[in-house]
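Peer 1: One structure coming up, written as structure tokens, with questions to follow.
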Amino acid sequence: SIYLSICLMICGCSDVKKDDCRVFRYNESSGLSRLDPAHSSSLEAIWVVDQMYDGLVELTPDLKIIPAVAESYEVNGTVYTFKIRPGVKFKSGRQVEARDVVYSLERLRNPEVASPGISILDKVSEINDLSTLEVEIVLEEEFPPFLGLLSTTFASIIDSEFEGDLNVESAGSGPFFMKWWVKDVALVMHKSPEYWERDEEGKSLPYLEAVHVEFVPDMGSEYLGLVQGRYDFISGLHPAYMEDLMNDEGGLADKHIESLDLYRVPYVKTDYVGVVVDMDNELSSNLVRKALSLSADRATIAKVLRRNSVLSTDHFVPPSLPGASEYSV
């Protein structure tokens, strides 16, 4: 197996756009079809929805669960109690309340919504608003991963008084709101003027004024847009521009060092190479399959084919996941 544990992000802001660096621009070659949080199952949708909506809790960069719209929470066996943070407002200007949390989560169970995110509520038996700013979620049995599920965009809090189309307007309390969206062309989000979160110095977030997403399907054009300064960011490594962008050791090519920055961050994705085994031949032997595994030069594959943008492993379970063994398989 090749363990893809590095997400490459290449960022730049050219001199041409020096006066426009408060607008973050990137391309989404796969496009977007829906922006309803209840249907945010693709990475492309998650990136956008996460900017327009907040949940009760969120994940830090090192995957720790912390309060978000919930100022605090308590877990007592199967009972989760959340206190809503005062001052968190929807795009409409209304304070987020417990009834909005109940509405948003119960909406996932609505057959008419047909949300793939209904699975995050599999263990939930009750969702109650105890007061204006306090909500209680009761599980059928103890289930430690539940808080992690609440950090997904499926659990985004939607304004229960919103009556429009979530694919035309946003109805969340996130750092940005949708300004306009023309499918297959572009989407623009503007900064929410009353966003609740602040940095360590007390300055209001976000720092950016807007986010501009284009939907150009050709990844070669996307890369050219980055090099020319039209885009500020691309994610991942594509063969179309790998040789031009990176050197043999996986760093930026010399000609890009002054204009681009390369970041590597953890990203869980694993590719497995499997072999169909006929129980009547030699592959049915564990020793033969282990020999095949040992014969694969994973380190060279990672270096030569992927320019060190991945980490190799001979473990079936990726090293960062629970249950990973320190021994080879």
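Peer 1: Residue under question is D159, and the condition is that it be open to solvent by 30 Å² or more (accessible area, probe 1.4 Å) and under 23 Å from the mean Cα position of the chain (by Cα); does it hold?
Peer 2: Taking the combined requirement at face value, the residue does not satisfy it.
Peer 1: Could I ask something else about it? So, L133, is that one within 15 Å of E74 (Cα to Cα), surrounded by 13 or more Cβ atoms within 10 Å (Cβ to Cβ) and touching a Pro at 6+ places or on another chain (Cβ under 9 Å) or not?
Peer 2: yes
Peer 1: Would you mind telling me which numbered condition in (1) within 23 Å of the chain's Cα centre (by Cα); (2) at pLDDT below 90; (3) loosely packed, with under 15 Cβ neighbours inside 10 Å S284 fails?
Peer 2: (1)
Peer 1: Looking only at the stretch 170-215, which residues are in contact with a Phe, Trp or Tyr (Cβ under 7 Å, 6 or more places away or on another chain), hydrophobic (A, V, I, L, M, F, W, C) and open to solvent by 40 Å² or more (accessible area, probe 1.4 Å)?
Peer 2: The answer is V185, L208.
Peer 1: Evaluate the stretch 258-280: report whether one residue or more is modelled with pLDDT of 80 or more and open to solvent by less than 60 Å² (accessible area, probe 1.4 Å).
Peer 2: yes
Peer 1: Of all residues in the stretch 37-60, which are among the acidic types (D, E) and surrounded by 22 or more Cβ atoms within 10 Å (Cβ to Cβ)?
Peer 2: Selection gives D54 alone.
Peer 1: Show the residue pairs that are 6+ apart or on different chains and have beta-carbon atoms under 9 Å apart, the first residue being within the stretch 99-119 and within 22 Å of R85 (Cβ to Cβ) and open to solvent by 30 Å² or more (accessible area, probe 1.4 Å), the second being assigned to a helix (DSSP H, G or I) and of a type in the set (A, V, I, L, M).
Peer 2: Every condition considered, the pairs that remain are E106/L121; R107/A38.
Peer 1: Hey, E214 hits all of (1) farther than 18 Å from W47 by Cβ; (2) of a type in the set (D, E, K, R); (3) at pLDDT 90 or above but one; which does it fall short on?
Peer 2: (1)
The values are calculated or read from the model by the stated rules, or taken from the named source; none is laboratory data. Bear in mind that the values here come from a model prediction, so they are computed numbers and not experimental data. Don't worry about glycine lacking a Cβ; one is built from the backbone with ideal geometry, like all the others, and counts go over all protein chains shown. Calculation scope for accessible area: heavy atoms of the full protein, side chains included, ligands and nucleic acids excluded. Shrake-Rupley method; radii C 1.70, N 1.55, O 1.52, S 1.80 Å.
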